[in-house]
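The values are calculated or read from the model by the stated rules, or taken from the named source; none is laboratory data. Note that the structure is a prediction, hence the values are computed from the model and not measured. Glycine also receives a Cβ, built like all others from the backbone with ideal geometry; neighbour counts cover every protein chain displayed.
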């Protein structure tokens, strides 16, 4: 396999778009973007292909020459996507990679059976419509067959990403960690907006007004770690304030449940005074 092998990407969603653009900028040739079918999936694939000097095809018509095939499809579609192109090439000496954070590289077992080396390479990053982050500096967790892992690490390093390894048995815990770091963090912010509404502040204004404290909290966490960054009534052991919070949050039951769960986690992982009193209030 050459220093920069030709790559085929399966899928044309948010992750595929970010990966294709970063690969193209790093000097990789994208042989083709494979869509699962015609219609909207193929239109997205064609749009992405134009951006990276490639071409788009549907899986039923794919003929693959590239040395690496990278699957960027939802977890539930990885195995079927692999089967759909199982006869599109001779898989011996080729590398197949998928980008699921939760599933093991074994999700590509259909291609391993045909001679491919397989790996998973999941970027610890969020991909949403309207945002296409570059992958420089992004950690990628990688596991799989020896040759495929080596190839995936080389590609990630050429993207100026940060490859690291986890054991197969730990993939689910890894992805739960990633879910706390972004989607559940977004859920927390959305919950904060609902609590702001209970205080008479509209969601758009709440988002704007929260940004300074959220940004400073992240900056503190990055520079100082969680324990030093933790502030507010739990650190002070202010039981009366927490009791008042819980009373007010009865108007927003889901937010109250989240508050109690996070408060209990705070008492487990972070510095706090007056713990017994706080624990008693949270049980009430």
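Would you pick out the residues in the range 131-167 that are assigned to a helix (DSSP H, G or I) and out of contact with any helix residue (DSSP H, G or I) (no Cβ under 9 Å at 6 or more places or on another chain)? Let's see the steps before the verdict.
Step one: of the range 131-167, the residues assigned to a helix (DSSP H, G or I) are 146-158.
Listed by number, the residues that qualify are 146, 147, 150, 151, 152, 153, 154, 156, 157.
Which number in (1) at pLDDT 95 or above; (2) within 25 Å of the chain's Cα centre (by Cα) marks the one condition that residue 168 misses? Of (1) at pLDDT 95 or above; (2) within 25 Å of the chain's Cα centre (by Cα), only one is false for residue 168: (1).
Tell me whether the range 50-57 contains one or more residues that are in contact with a helix residue (DSSP H, G or I) (Cβ under 8 Å, 6 or more places away or on another chain) and within 19 Å of residue 151 (Cβ to Cβ). No, the range 50-57 has no match at all.
Tell me, yes or no, whether the range 175-183 has at least one residue that is touching a helix residue (DSSP H, G or I) at 6+ places or on another chain (Cβ under 6 Å) and farther than 21 Å from residue 67 by Cα.
So in the range 175-183, the residues touching a helix residue (DSSP H, G or I) at 6+ places or on another chain (Cβ under 6 Å) come out as none.
No, the range 175-183 has no match at all.
When the range 239-254 is filtered for residues that are under 17 Å from residue 264 (Cα atoms) and in contact (Cβ under 8 Å) with a residue 12 or more places away in the chain, the ones remaining, listed by number, are 239, 242, 243, 245, 246, 249, 254.
If I ask for residues that are exposed (fewer than 13 other Cβ atoms within 10 Å of the Cβ) and within 19 Å of residue 191 (Cβ to Cβ), which ones from the range 263-284 would you list? Selection gives 265 alone. Of everything listed in (1) under 24 Å from residue 190 (Cβ atoms); (2) surrounded by 12 or more Cβ atoms within 10 Å (Cβ to Cβ); (3) out of contact with any helix residue (DSSP H, G or I) (no Cβ under 9 Å at 6 or more places or on another chain), the single unmet condition for residue 236 is (1).
For the range 108-126, does any single residue satisfy the condition of being part of a strand (DSSP E or B), surrounded by fewer than 18 Cβ atoms within 10 Å (Cβ to Cβ) and in contact (Cβ under 8 Å) with a residue 24 or more places away in the chain? Let's see the steps before the verdict.
Of all residues in the range 108-126, those part of a strand (DSSP E or B) come to 117-123.
Add one more test, that the residue is surrounded by fewer than 18 Cβ atoms within 10 Å (Cβ to Cβ), and what stays is none.
No, the range 108-126 contains no residue that is part of a strand (DSSP E or B), surrounded by fewer than 18 Cβ atoms within 10 Å (Cβ to Cβ) and in contact (Cβ under 8 Å) with a residue 24 or more places away in the chain.
Matching residues to (1) outside any helix (DSSP H, G or I); (2) out of contact with any helix residue (DSSP H, G or I) (no Cβ under 7 Å at 6 or more places or on another chain); (3) farther than 20 Å from residue 270 by Cβ:
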position	(1), (2), (3)
186	no, yes, yes
192	no, no, no
195	no, no, yes
207	no, no, yes
221	no, no, no
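In the range 155-173, the residues that are free of Cβ contacts under 8 Å to residues at least 12 places away in the same chain form Cβ pairs under 9 Å with partners that are part of a loop (DSSP other than H, G, I, E, B), at six or more places apart or across chains, as follows: 169/104; 173/166.
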